[in-house]
Structure formats: structure tokens, C-alpha cells
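**Q** I'd like to ask some things about the structure below.
Bear in mind that the values in this text are calculations on the coordinates, not laboratory data. Computed from a predicted structure; not experimentally measured. Please note: Cβ atoms are built from the backbone with ideal geometry, for glycine as well, and neighbour counts cover all protein chains shown.
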Amino acid sequence: MSKFAVILPAAGKSSRFVHQRRKKPFAELKGRAVWLRSVDLFVNRDDVVQTLLCLAKDDIDWFKETFRADLAFRNVEIVEGGAERADSVERGLARVRSDVDFVAVHDAARPLLVDG
């Protein structure tokens with residue numbers, strides 16, 4: 001079976017998301033943070049061996065404190081994101097394990113992926 005790494009960029013400013021106090025990936029959707037709904041699409045798959053969540057430097061400490069319990073039960077690596085989405089993906093790619101065959105990139109703020 002092929003091994004996948006998944007990079008989830010979440011370091012953006014969410015400048016168009018004006019209805020919440022938090023950035024879009026951290027906002028709640030039916031009682032759960034959007035990033036959790038996105039990550040959960042991948043972390044329990046047998047073919048996904050690495051999940052990388054790219055966050056803005058200023059969000060990392062807050063994120064680790066706020067979502068400590070969620071992180072404890074998921075194998076998610078936090079990567080410091082860059083100024084642009086491409087920078088965040090590049091930083092994620094630099095952390096991909098050598099035994100990974102393929103890399104998928106999926107926006108952490110888009111949790112409604114259809115499997116099929």
C-alpha cells in the first residue's frame with residue numbers, strides 16, 4: 001500500500017472571514033473546530049502515515065494550549081507556516097518523512113471532502 005503525507009495549510013489571515021473572532025480553521029462548525037473536521041478526514045486512514053498542520057507563528061502557542069486535548073489523540077505535526085500558502089506548503093514538504101510515497105495538500109479550512 002502506498003504511504004501518504006497530508007499537508008494542511010492553516011497559516012492564513014482569514015481576512016475575508018469577518019463573522020467570527022477567530023480565524024476560519026479555528027472557528028466552530030457544529031461544535032467542533034473546522035481544522036479538526038479537516039484533520040479527521042485523514043488521521044485515521046491506514047494509507048496516511050503523516051499529517052502536517054501548518055500554522056502562523058503567532059498562532060502556535062495559543063493553538064497548542066487551546067487544542068491540547070485534541071492534539072493528544074491525533075498524530076498531527078505542527079509546522080510553522082509562511083507568509084503565503086505556497087510558503088507553508090514548502091515548509092510542510094521539507095518535513096515529509098523519507099518513507100512517504102505521495103503528498104496531498106488539503107486546506108485546513110475546507111472540512112467537507114467527499115470520499116468516493
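**Q** Please find the FRET efficiency linking Leu93 to Lys64, where r is the Cβ-Cβ separation and R0 is fixed at 25 Å, and quote it to the nearest 0.05.
**A** 0.65
**Q** Counting every Cα pair in the range 17-110, what percent are over 17 Å apart?
**A** Cα-Cα pairs in the range 17-110 separated by more than 17 Å: 51 percent.
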